[in-house]
Amino acid sequence: MFHRRHVLAGLIGAPTVLRVTRAGAAEVSMRLHHFMAGVSPGHREFLVRWAKKVEAESGGRIKIDVFPSMQLGGAPPQLFDQAKDGVVDLVWTLPGYTANRFPMIEVFELPFIGAKRAMTNSRAVQEFSTKHLAKEFGDVHPICFWAHDGGLIHASRPVTKLEDIRGLKLRFPTRLAGEGLRALGATAIGMPVPQVPEAISQRVIDGAVVPWEIVPSIKLHEMVKNHTAFPGTPTFYTSTFVLAMNKARYEGLAPDLRKVIDANSGQVATAMVATMFDTTAPKVEELAKKRGNTVHILAPEEVERWKAACAPVTEAWLKSVKEKGINGEALLADATALIAKHDQAA
C-alpha cells in the first residue's frame, strides 16, 4: 500500500512531457482527467475521439492520454483545481460539483430552463460563455462548454404526478437540481455519479436524477425499473460541463499547435459532445425498455404543477446572485433567449 501511494503521488506530481523528437513523433504529451467510467459514451465517443482528432490534426505532434474514473487521484469536485493548478493538463468536469463557485453558469441549471435536446442546451451555453463566463472561468483555458439533454428521474417506484416524488430519496448532481427536488418534496442527496450504484444497493437513495447517457455505465437500469421523462422543452433540469485546459499549458504551446487546439474548441467541440448525448439517449431508453422497465412521460398539466412548485428556486437564485453583484435577470433572459434560438435551429 505504501508503494502504491507513492507511485500515484509521483504520477500526479509528474510534469507534462514536452520534448523535441524525430519528425512525426509527439512533441507535446498531455493528460486529460475525468470522473466517468472508461466504458461510458462520454469517454469513448467524445473525449477519446476529441483527443485523437487533435493528435491527427497536429500531425502527431500533440499526444493526449485520457484517464477515466479519477485514475490520477482525487475526487470529482477537485477536477477543476487540478486543471487550474497544473496537476493535469485537461479536465472534463461539472462546474456544479463545487456549489456557489460558478454562479453565472448556474442559470442553465435552474429548474425548467433547459431544453430537451443536448444540442440546443450545449450551443446555448457555449454562446453564452463568450459573453458572460470569461471572468468566472479565467483561471483555466476553456476548450468548450455544454449541457446534456433533459435529465430524467430514475427511481424504485413510478413517478407520474407531483405526489409520487414526495419522500423519495434521490441523488442530485448540482446544487440547483437539488433545490428543485426539495421544492417538489423529494429528499435530495448530493453525490458524484460514480457513487450512485453503491448508494442504491445500500438503500441510501431510492434513485437518481441523470440523463440517459449515464445510465448504462453505472447500470442504473438494472437497479431501478422506473424512469420519468419530461415531454419537451423546457425540461426539469440539465447540468453544465466544461472541458478545460491548464492556462499556462495552453499559452506555452507553439503558435501553430495552439491553432490546432483552437480549431477543436468552442462550438466545434460542443457539437461533438452534444451529438454524443442526443444519439445515445434513444439507444439507452430502448435498452431500459427491453429489460422490462417503464418509461413514464409526465402529462403537460403535471409539468405545469412541477414548474409552479419550482418557481421559488429561481426566485431564490435571483436574490442570491444579486447579493454578489450579478444581474441575474439579465443572465436568465439571455439564457432563455439562447435556448429558444438554438431550439429553433436544431
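If I filter the range 162-179 for residues that are assigned to a strand (DSSP E or B), of a type in the set (Lys, Arg) and either surrounded by 24 or more Cβ atoms within 10 Å (Cβ to Cβ) or modelled with pLDDT of 95 or more (or both), do I get at least one hit? For the range 162-179, residues assigned to a strand (DSSP E or B), of a type in the set (Lys, Arg) and either surrounded by 24 or more Cβ atoms within 10 Å (Cβ to Cβ) or modelled with pLDDT of 95 or more (or both): present.
For the range 231-267, how many residues meet the condition of being touching a helix residue (DSSP H, G or I) at 6+ places or on another chain (Cβ under 8 Å), among the β-branched types (Val, Ile, Thr) and within 21 Å of PHE172 (Cα to Cα)? Within the range 231-267, residues that are touching a helix residue (DSSP H, G or I) at 6+ places or on another chain (Cβ under 8 Å), among the β-branched types (Val, Ile, Thr) and within 21 Å of PHE172 (Cα to Cα) number 4. Taking VAL39, is it part of a helix (DSSP H, G or I), among the hydrophobic types (A, V, I, L, M, F, W, C) and outside the structural domain of LEU318 (by TED's automatic domain parsing)? Taking the combined requirement at face value, the residue does not satisfy it.
May I ask you to verify whether GLU251 is out of contact with any Lys or Arg (no Cβ under 7 Å at 6 or more places or on another chain), acidic (Asp, Glu) and farther than 29 Å from VAL159 by Cα? It is true that GLU251 is out of contact with any Lys or Arg (no Cβ under 7 Å at 6 or more places or on another chain), acidic (Asp, Glu) and farther than 29 Å from VAL159 by Cα.
Whether any residue in the range 237-250 is within 28 Å of ARG31 (Cβ to Cβ), without any contact (Cβ under 8 Å) to a residue 24 or more places away in the chain and not hydrophobic (A, V, I, L, M, F, W, C) is what I want to check. No: zero hits. Of the strands (runs of 3 or more DSSP E) contained entirely in the range 61-152, those carrying at least 2 residues that are under 25 Å from GLY328 (Cβ atoms) fall at 140-147. Look at (1) assigned to a helix (DSSP H, G or I); (2) at pLDDT 95 or above; (3) loosely packed, with under 14 Cβ neighbours inside 10 Å and you find that SER320 fails only one, number (3). How many residues, within the range 206-216, are assigned to a loop (DSSP other than H, G, I, E, B) and in contact with a Lys or Arg (Cβ under 8 Å, 6 or more places away or on another chain)? Within the range 206-216, residues that are assigned to a loop (DSSP other than H, G, I, E, B) and in contact with a Lys or Arg (Cβ under 8 Å, 6 or more places away or on another chain) number 1. A single entry from ILE165, ILE189 fulfils the requirement of being farther than 19 Å from ALA229 by Cβ and among the β-branched types (Val, Ile, Thr): ILE189.
Among VAL159, VAL91, which is within 30 Å of PRO197 (Cβ to Cβ), touching a His at 6+ places or on another chain (Cβ under 9 Å) and in the same structural domain as SER201 (by TED's automatic domain parsing)?
It is VAL159.
Residues in the range 128-185 that are more than 15 Å from LEU94 (Cα to Cα) and small (Gly, Ala, Ser): 9 in all.
For the residues PHE145, PHE128, the requirement of being over 18 Å from PHE80 (Cβ atoms), at pLDDT 95 or above and aromatic (Phe, Trp, Tyr) singles out PHE128. Would you check if ARG101 is among the charged types (D, E, K, R), within 16 Å of the chain's Cα centre (by Cα) and over 24 Å from ARG305 (Cβ atoms)? For ARG101, the condition - among the charged types (D, E, K, R), within 16 Å of the chain's Cα centre (by Cα) and over 24 Å from ARG305 (Cβ atoms) - is met.
The values are calculated or read from the model by the stated rules, or taken from the named source; none is laboratory data. These figures come from a predicted structure and were not determined experimentally. Please note: Cβ atoms are built from the backbone with ideal geometry, for glycine as well, and neighbour counts cover all protein chains shown.
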